[in-house]
Amino acid sequence: MAEHEEKKHEESLLDKIAEKIHGHDSSSDSDDDKPSESSIKDKVFRLFGREKPVHHVLGGGKPADIFLWRNKKISAGALGVATVIWVLFELLEYHLLTLVCHSLILVLALLFLYSNATTFINKSPPHIPEVQIPKDPVVEFAQALRFEINQAFGVLRDIASGKDLKKFLSVIAGLWVLSIVGNWCNFLTLFYIVFVLLHTVPVLYEKYEDKVDPFAEKAMHEIKKQYAVFDAKVLSKIPRGPLKEKKKD
């Protein structure tokens, strides 16, 4: 009787050990089957295929800080100055040369009167700093502008040579939309609209990117689907000249 109970106890103990081993294996297998958080984040769709933060995409530094409202005083000041300029030149129909001349007249008259008034009120004359445009920032700006213009010329050359049909259609569509917008407003208004968009869209996107990216993914998928249909029905049927291969001697 005692031997029977001992065997039963050993069997129950072995069953418990086997259950623990099996449970540990199944939990480890399930952990292996689950994708890691990093892999999930890598698979998340980001607008325009970006892999870096919005601040880095905008170039980083002070311009990105202004557009993303890192310093609210500077961003609000820049937007306020742009708004004042747009109101003066567009709504009040003020001219640039007239504004510059009137501003210089006002500033020079105030400084001239104050400089002469200091001799009567026994005060030191105002310190007028010497203003000079530094060479390095101007050269850097010119080089950056030159690089961007050359890049644009290179893209236009590739399109004109007929190498990329998709890029050709994209540029034509963009220029067509830009020409329509140009009929609605002049260059100053268009520049002001772009300036306001740069101060609003990036910061809103950075705040709500987790909600915007899924909608953007669906939109990109639909655009690719429609382009595939357009390619199959129209672009693929465009006749193209046969490629002539050079015969080797």
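Nothing in this text is a laboratory measurement; each read-out follows from the coordinates by a stated rule. Because the structure is predicted, anything quoted here is derived from the model rather than measured. For neighbour counting, all protein chains shown are included, and Cβ atoms are generated from backbone atoms with ideal geometry for every residue, glycine included.
Some values worked out for this structure:
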item	result
Note, ³J(HN,Hα) from phi for the stretch 134-140, Karplus 6.51, -1.76, 1.60, rounded to Hz, x at Gly and Pro	x, 7, 4, x, 5, 5, 5
Highest-first arrangement of 121-132, 177-188, 85-96, where packing means the average Cβ count within 10 Å	85-96, 177-188, 121-132
Inter-probe distance in nm under a simple model that places probes 7 Å from Cα toward Cβ, at Ile238 and Val100	4.5
Length released on extending from Asp213 to Gln151, taking residue separation times 0.36 nm less the Cα-Cα span	19.4 nm
Nearest-0.05 FRET efficiency for Val107 and Asn183, computed from C-beta distance (R0 45 Å)	0.70
Separation between Cα centres of the stretch 186-200 and the stretch 154-178, rounded to whole Å	24
Given Lys135/Lys167; Lys62/Lys135; Lys52/Lys218, the pairs whose alpha carbons are separated by over 31 Å	Lys135/Lys167
For the stretch 196-239, average projected area of the Cα convex hull in nm²	4.5
